[in-house]
Structure formats: C-alpha cells, structure tokens
Amino acid sequence: WDNADFSRGVGTTFYQEFPTLNTAKPPFVRDVEAKVRRYLRSSYSAAWTLKITWEKAPAYAARTDTRRTITYQAILTTDGFRSYVLMLYQEGGMQWDYTRLSATNVLIGYT
C-alpha cells in the first residue's frame, strides 16, 4: 500500500471486527473462510476477523490530484494458530497515477 492522503476531506477509512469464537458466523466471515479454504486447500475456521476499508482514498499528496481515488480492503483473520490477510481491490485495480507517486517501484499486493 502506498500513502493514502485524507487531508483534503476526500475519502474515508473504516473497520468492522468479527469476533466469532463462540458466536454464530455472519455471511461475511463464512465467505472469508471459504476463500482461505479454496486458496490454500486446507481446513479453516475463523475465531476472529477484521475488515478494514479505505474508500475513495486519494494518493499522497492529495493536493496534486483528488480525482483519482481507490477503494481497497484488507481482511485479517485468524483461528488462533494461523493468521491470513486477504487484500481486495476495486474492479480495475489501482486507479492512482503511479507516475505521480514518490516511489516508482509500485506493486499491488505484498512481497
């Protein structure tokens, strides 16, 4: 992730926690579990999940361009032993103009 800049009042960040150790699992958590099982081909039952959303986030420095925004999410989940992160981007991928970013070696995801 690069530096999002919310200083111009464009975009927002919010999160939602899903503690599911001893409670019924909402559809969102069941979907996360299904993705982990499918991608990793292993059994998985979430005890805790956190969804963080950056909505219409402009790139740093927002003073140069607040029209190109991106919405993306990080989903953190654990069963108490193993932990996973799902990184989700809006349709079409990263919309920031990477030629205007301070770093030129831009990746979507992590290494």
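Note on Lys25: lysines with a C-alpha under 16 Å away, same-chain residues under 8 apart excluded, are Lys35, Lys51. 3J(HN,Hα) along the range 80-92: x, 10, 10, 10, 9, 10, 9, 10, 10, 10, 4, 3, x Hz, from the Karplus curve 6.51 cos²θ - 1.76 cosθ + 1.60 with θ = phi - 60°, whole Hz, x for Gly and Pro.
Quick note: the coordinates plus some simple rules give every number you see, no bench work behind them. What you are looking at is a predicted structure, and each value in this text was computed from that prediction instead of being measured.
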